[in-house]
Amino acid sequence: MKTITVEIRDTIAIVKINRPTAFNSMNEQMAIDARQALADIPQNNTIRAMILTAEGRSFCAGAELNDELSNGDEQHSAGALLNSTMRDHTNPWIHDLHTMPMPVVVAINGVAAGAGVGLALAGDISIAAHSASFVLTFSAKLGLIPDVGLTWQLSRRIGMARATAAALLGDKISAQQAVDWGLIWQCVDDDKLMEVAISTANQLAKMPRHAALELRQALHHAQTMPLEAQLDYERQRQCVLIEKPEFKEGVAAFKEKRTPNFN
């Protein structure tokens, strides 16, 4: 793949965006390569968790702002081209991350701007280097609205007031501010980022294989459901999950005062 690299370390897959000379900006090829990687990883039964990060000093500068994006081509308007790119490539990439059958840690190694912010928030746990920052360039700089799921993510994570102001003003949000607001989980020293990300992924890899996807789905379901409906959802899923061998192993480990083995 031209724009994505994949490294396997024991039970962890490390997926890296690899366009450092272009500040890891997103284009159609990157989305194609990333989706291929995300499709291949679950086929390896030894992989239990994934890390998404980037090469170089930037995490992702958002969409590549080239002439074609601004003006379209000889056959298509800019809007028509963007429609096909988002529908067929970019949006499915975000959806793939949200439905990965394993926990996803995002290690944000530098600036995340525009759609790069959406990518930074598309995993289960986002950890940033202290030098990283987040910039919502859509409205203030380009007259657009946030995309790649950001209008769905922002208000749920940081509340409507902060989401609106951050998107309208486009001011830089530091890694520490992102933690304080609840936008991401943690920020760490730059030279410790991958160490912490790998440690976190290893911890997640020891969980029951289905746990991350089930939790992700339950939390997303709760965003639009009244309490009574969510209580029913919890009841239905719990009755399925309690019959899985992982629950029996967890109970046995608790009784025997040992660490559960979910392999």
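Rolling a 1.4 Å probe across the protein heavy atoms gives the range 112-161 an accessible surface of 35 Å² per residue. Each helix, a run of at least 4 DSSP H residues, gives -39500 (n - 2.57); summed and divided by the residues of the chain, these come to -13500 deg cm²/dmol at 222 nm. In the structure shown, the pairs K16/K244; K2/K141; K16/K141 are assessed against 32 Å; a Cα-Cα span above that value is assigned to K16/K244. Taking a ≥ b ≥ c as the square roots of the eigenvalues of the alpha carbon gyration tensor, the range 153-263 is oblate, as a/c is not under 1.5 and a/b does not beat b/c. Taking 28 Å as the limit for the C-alpha separation, the pairs K172/K192; K172/K206; K192/K248 exceed it in the case of K172/K206; K192/K248. Annotation: per residue accessible area for the range 1-62 equals 47 Å², rounded to a whole number [probe 1.4 Å, protein chains only]. Placing pseudo-labels 7 Å out from each Cα toward the beta carbon at E74 and V251 gives an inter-label distance of 6.9 nm. For T21 and R209, the difference between the fully extended length at 0.36 nm per residue and the C-alpha to C-alpha distance is 64.0 nm. Its residue count N fixes a reference of 2.2 N^0.38 Å for the chain, and the Cα radius of gyration divided by that reference is 1.06. Taking the DSSP beta bridges with both ends in the chain, the antiparallel portion is around 30 percent. By accessible area, using a 1.4 Å probe on protein heavy atoms only, the chain has 54% of its surface on carbon and sulfur.
The values are calculated or read from the model by the stated rules, or taken from the named source; none is laboratory data. Predicted model, so just to flag it, every value in this text is computed and none were measured. Methodologically, a virtual Cβ is constructed for each residue, glycine included, from the backbone with ideal geometry; neighbour enumeration extends over all protein chains shown. To get the accessible areas, we keep the full protein, side chains included, count just its heavy atoms, and leave off ligands, DNA and RNA. Shrake-Rupley method; radii C 1.70, N 1.55, O 1.52, S 1.80 Å.
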